[in-house]
Amino acid sequence: MQKQTPDQPRSTETSVKATPLVPQASLYDVEQIRRDANEAIDKGPVTADYPLDLHQAYKLLNQALASEILCVLRYRHHQIVAKGIDNPQVADEFEEHAEDEQRHMMMIATRIDQLGGDPDLNPATIAERSATKYGKSCSLGDMIKEDLVEERVVIEIYRRLIAWFGTGDPTTRRMFESILKDEEDHANDLANLLSSVNVKCAPQG
Ligand SMILES: [Fe+2]
Ligand SMILES: [Fe+2]
């Protein structure tokens with residue numbers, strides 16, 4: 001066996017060199033950020049590093065706004081008509097959904113404004129910008145079916161919008177995530193209602 005001398009390191013010890021402290025590259029240049037912030041104060045919360053195409057963002061948001069407006073109108077119509085055909089429980093459900101859609105409408109319109117765009121409430125172009133339809137229902141069953149289809153349309157579109165806004169605009173993404181949850185709840189309510197209501201006639205052309 002090799003004899004260990006006091007000068008030699010013990011075999012169980014490892015010679016660990018201290019890692020020198022390397023200064024980290026700065027995450028941001030605060031002076032540059034301050035200069036940018038001072039330059040365009042009229043843009044409110046939209047800072048120089050906003051990474052998405054703002055015009056595309058306005059377009060997508062205005063399409064979603066138009067879809068919500070048509071949903072408000074369709075549910076309000078269904079709410080009134082369902083009362084007329086003596087089904088207060090379904091009418092209450094339609095009313096609740098109409099109020100949610102109206103809240104979504106205001107959330108989206110407010111967000112467009114925050115991003116420096118113009119929330120387009122022009123009635124002349126709402127139908128063509130909307131992904132949802134107003135509908136032509138003639139019975140309770142058809143109304144519920146129609147609403148369910150439109151909910152399923154917005155669910156798919158909002159999922160895509162969530163992906164598009166992604167990490168670039170987390171505020172808008174979270175807004176759509178919260179709206180998406182409501183739309184999924186609506187679709188679920190309608191699917192349950194549909195199973196309890198007879199479809200009595202085909203839609204009128
Ligand atoms: Fe909605
Ligand atoms: Fe909905």
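Among the residues of the stretch 123-151, the ones that are within 16 Å of ligand 2 (Cβ to nearest atom), of a type in the set (Val, Ile, Thr) and more than 21 Å from the chain's Cα centre (by Cα) come to 1 in all.
For (1) buried (at least 18 other Cβ atoms within 10 Å of the Cβ); (2) part of a helix (DSSP H, G or I); (3) aliphatic (A, V, I, L, M), each residue gets a yes or a no:
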| residue | (1), (2), (3) |
| --- | --- |
| PRO45 | no, no, no |
| ASP49 | no, no, no |
| LYS59 | no, yes, no |
| LEU65 | yes, yes, yes |
| GLU68 | yes, yes, no |
| VAL72 | yes, yes, yes |
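Screening the stretch 86-205 for helices (runs of 4 or more DSSP H) wholly inside it with 1 or more residues that are buried (at least 17 other Cβ atoms within 10 Å of the Cβ) and among the acidic types (Asp, Glu) returns the ranges 88-114, 140-165, 170-196.
In the stretch 84-108, the residues that are without any contact (Cβ under 8 Å) to a residue 60 or more places away in the chain reach residues that are of a type in the set (D, E, K, R) and more than 16 Å from ligand 1 (Cβ to nearest atom) with C-beta atoms within less than 6 angstrom, at least six apart or across chains, in these pairs: ALA91/LYS83.
The single condition among (1) among the small types (Gly, Ala, Ser); (2) more than 16 Å from ligand 2 (Cβ to nearest atom); (3) modelled with pLDDT of 85 or more that ALA66 does not meet is (2).
Cβ-Cβ distances below 6 Å connect the following pairs, each with a first residue in the stretch 51-65 that is within 9 Å of ILE112 (Cα to Cα) and aromatic (Phe, Trp, Tyr), a second residue that is surrounded by 14 or more Cβ atoms within 10 Å (Cβ to Cβ) and modelled with pLDDT of 95 or more, and a separation of six or more residues or different chains: TYR58/GLY117.
Per-residue answers, yes or no, for (1) in contact with a Pro (Cβ under 7 Å, 6 or more places away or on another chain); (2) more than 21 Å from HIS77 (Cα to Cα); (3) among the charged types (D, E, K, R); (4) at pLDDT 95 or above:
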{"site": "ALA98", "(1), (2), (3), (4)": "no, no, no, yes"}
{"site": "MET106", "(1), (2), (3), (4)": "no, no, no, yes"}
{"site": "ALA109", "(1), (2), (3), (4)": "yes, yes, no, yes"}
{"site": "SER139", "(1), (2), (3), (4)": "no, no, no, no"}
{"site": "ASP142", "(1), (2), (3), (4)": "yes, no, yes, no"}
{"site": "LEU148", "(1), (2), (3), (4)": "no, no, no, yes"}
{"site": "ASP185", "(1), (2), (3), (4)": "no, no, yes, yes"}
{"site": "LEU194", "(1), (2), (3), (4)": "no, no, no, no"}
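Annotation: ASP120 fulfils all but one of (1) of a type in the set (D, E, K, R); (2) more than 21 Å from ASP53 (Cβ to Cβ); (3) away from ligand 1 (no atom under 16 Å from the Cβ); the unmet one is (2). Criterion applied to ALA98, ALA64 was being within 14 Å of ligand 1 (Cβ to nearest atom) and either within 16 Å of LEU148 (Cβ to Cβ) or touching a Lys or Arg at 6+ places or on another chain (Cβ under 8 Å) (or both), and the one residue passing it is ALA98. Just checking, does the stretch 72-85 include any residue being under 30 Å from ASN192 (Cα atoms), more than 13 Å from ligand 2 (Cβ to nearest atom) and small (Gly, Ala, Ser)? Yes, the conditions are met somewhere in the stretch 72-85.
The values are calculated or read from the model by the stated rules, or taken from the named source; none is laboratory data. Being a predicted model, the structure only gives us computed values, none of them experimental. Because the Cβ atoms are built from the backbone with ideal geometry, glycine has one as well, and the counts that use them run over all protein chains shown.
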